[in-house]
């Protein structure tokens, strides 16, 4: 796909045309919004600043496809998948220890599948192609540099960096990513908000497919996703490792203020993870294919912006629609789900002839009713717990030491009980049992 | 494990070959379509009064270099367009951040 979607890139934009909607950003949110609008018969232009959809995008492991079921029947027969994730592993580590909870399911390797690894250049181009097939006009290599307004301050389109490049529309759907300058210009997002963002850095490494199969215990198009806690030298965040067809992707996610304060360079932490005794054997001989970095909105439900203003709605990363802190790490599915809901809400607003903030309010109401905001609301306290000092800096060592105590045979000394081991490990890592109990209860309240 | 709360970096004890990739080699794996316009500019006179200069270590592309007179030298050409620099910057107006012109800048093929 990718560059073959370029034909419209060199087309001159007709400044006189007025669209029902201009969608900014051809990632999963924008593609979904454009798809919903085009299928509803609305005129829609999808503007992408990169040379092809996905060219500016990076993700961290798994795309969960259930959200595609309702719009692309049997999508798994055509999606550009790398591998279907049949092993989902959560690893807690210190510099010299690790504990894994490793789940494997044969069902996840068969239709209708659960999660897949993919390359965003291929996946996002495929999705945007669905919107184009439905009648959306894709314009690549074009930056939306600002908003256009009417005399009352309602948004009426975007300015682009093409000559005569103003695009007028009843509604602007801002799916312009984590740095959303359109949402910032509209006053929906703060100019900068380091506290609620993490930096993801990722290396994609070449490794022969047969070697991946052997080292990760899979075959054919089966894949593995490993999520890791305790690999970031105490900087709140985590690590990930997942398999593609002929490459593996490995990286870390780092809280921005703590990264800045630590004065540690991000690629050093990826190097740490790759050198860990539990990870290094998986990557032996692998060579760097591509290095990448991207921000992730991490604030969850409580920092989500207002999702609509007069003549504009916000979806995807631009609206903080990811959940990167917790035992579920998802984003692409939230982007797609929110974009779809945005497109449908804009269609209803245009049908009623009211695309003011009030006329667009059904967007948020729709999200509240489905997983996009229901999940976010339920897990609103997850970022606070998962990124807390104890979970990030003390529990990985505590858990590993507890396991070491459980499985180290101390003959002739009799085995210590689990409670005594817990006490010892907790004391060694400066954790009070009261704190351990309270965090456990908190985790059960959030995730239970 | 010691009583310390931060796990020791394992890298120190590992052979160089696991760590060893020069930063230039790392960046050479990325497709940058460099435009003529600098999409990010730095007001170095503001940076001279900055005590943290967080951009210098946090930028994943290592594009911010401190200068002898206490300012910051910035090279826009191999930028991931991630936004880390302006997010961690403490000083309004020090970093002016826009996207590169359409079609230019970083192109991820394996993102």
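The table for this structure:
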item: Nearest-0.05 FRET efficiency for residue A:388 and residue A:76, computed from C-beta distance (R0 45 Å); result: 0.75
item: Three semi-axes of the equivalent ellipsoid, the range B:32-98, Cα gyration tensor, whole Å, largest first; result: 19, 12, 11
item: For chain A: relative contact order, % (alpha-carbon pairs under 8 angstrom, 6 or more apart); result: 19
item: Of A:424, A:90, A:410, the one that fluctuates the most in a GNM where chain A has Cα springs shorter than 10 Å; result: A:410
item: With Cα atoms, 0 to 90° folded angle of helix A:266-275 axis to chain A main axis; result: 50
item: Relative contact order (%) - criterion: Cα under 8 Å, at least six apart; region: the range A:292-448; result: 20
item: Three semi-axes of the equivalent ellipsoid, the range A:154-216, Cα gyration tensor, whole Å, largest first; result: 39, 19, 10
item: Share antiparallel - DSSP beta bridges, the protein assembly as shown, percent rounded to 5; result: 70
item: Cα-based shape type of the protein assembly as shown, given that a ≥ b ≥ c are square roots of the gyration tensor eigenvalues and the cut on a/c is 1.5; result: prolate
item: For chain A, built as a Gaussian network whose Cα springs stay under 10 Å, the top-fluctuating residue of A:118, A:211, A:232; result: A:211
item: Percent RCO, i.e. relative contact order, over the range A:195-297, from Cα pairs under 8 Å lying at least 6 residues apart; result: 42
item: Acute angle (nearest 10 degrees) that the helix A:120-133 long axis makes with the longest principal axis of chain A, alpha-carbon atoms; result: 30
item: Centre separation in Å (Cα based) which lies between the range A:311-342 and the range A:209-241; result: 24
item: Spatial separation of Cα centroids for the range A:57-133 and the range A:369-403, in angstrom; result: 22
item: Chain A: angle of helix A:28-39 to the longest principal axis, Cα-based, in degrees nearest 10; result: 40
item: Values of log10 I(q)/I(0), in the order q = 0.13, 0.17, 0.19 Å⁻¹, for the range A:325-448 under a Debye, Cα-only, solvent-free model; result: -0.69, -0.91, -1.02
item: Gaussian network model of chain A, springs between alpha carbon atoms under 10 Å - residue of A:198, A:247, A:117 with greatest fluctuation; result: A:247
item: Inter-centroid distance (Cα atoms) of the range A:252-292 relative to the range B:59-111, Å; result: 20
item: Shape metrics for the range A:243-297, restricted to C-alpha atoms - Rg then Dmax, Å; result: 12.7, 37
item: Per-residue [θ]222 nm for chain A (sum of -39500 (n - 2.57) over DSSP H runs n ≥ 4, rounded to 500); result: -9500 deg cm²/dmol
item: Three-way shape call for the range A:122-252 based on the alpha-carbon gyration tensor, with the a/c threshold at 1.5; result: oblate
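Rule-based calculations on the coordinates, nothing more; no lab input. This structure is a prediction, so every number in the text was calculated from the model and none was measured. Don't worry about glycine lacking a Cβ; one is built from the backbone with ideal geometry, like all the others, and counts go over all protein chains shown.
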